[in-house]
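What follows draws every value from the coordinates through simple rules; no lab data is involved. Predicted, not measured: the structure shown is a model, and the values here were computed from it. Positions of Cβ are generated from backbone atoms using ideal geometry, with glycine treated the same way; all protein chains shown enter the neighbour counts.
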Amino acid sequence: MKKRETGIFVKIAIFAFSVFAVISIVQLQLQFNEYKAQRDKLQEEVDGLIDEKEELENEKAGINDDDYVIKVAKDKLNLRLPEEIIFYNDLNN
């Protein structure tokens, strides 16, 4: 029996398929890296929003707390407690 030789067409087809497979793998890897970076960025954003949500929940829970009421009165309404002494300095340096 003679050893059967593969034709040039089969060799070219196998080579073309190999090149196509390598290019496809590289392209998919690049796309995967982009999606991974996008996922990481979105995860950071989600983590930040979760932290903000927790802060707002803590603030909401403390609305009826006396310390919160005093803080808002001082910061937003510029009010002070009767026993507080406020000093003003009008001297220019």
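Among the conditions (1) assigned to a helix (DSSP H, G or I); (2) exposed (fewer than 10 other Cβ atoms within 10 Å of the Cβ); (3) in contact with a helix residue (DSSP H, G or I) (Cβ under 9 Å, 6 or more places away or on another chain), the only one that Asp67 does not satisfy is (3). Pairing residues of segment 78-93 that are touching a residue at least 60 places away in the same chain (Cβ under 8 Å) with residues that are assigned to a loop (DSSP other than H, G, I, E, B) and β-branched (Val, Ile, Thr), at Cβ distances under 7 Å and at least 6 apart in sequence or on separate chains, gives no pairs at all. Residue-level check: of (1) in contact with a Lys or Arg (Cβ under 9 Å, 6 or more places away or on another chain); (2) surrounded by 10 or more Cβ atoms within 10 Å (Cβ to Cβ), Ile86 misses just (2).
Evaluation of Ile14 against the conditions (1) surrounded by 10 or more Cβ atoms within 10 Å (Cβ to Cβ); (2) under 34 Å from the mean Cα position of the chain (by Cα); (3) not aromatic (Phe, Trp, Tyr) shows that the sole unmet condition is (2).
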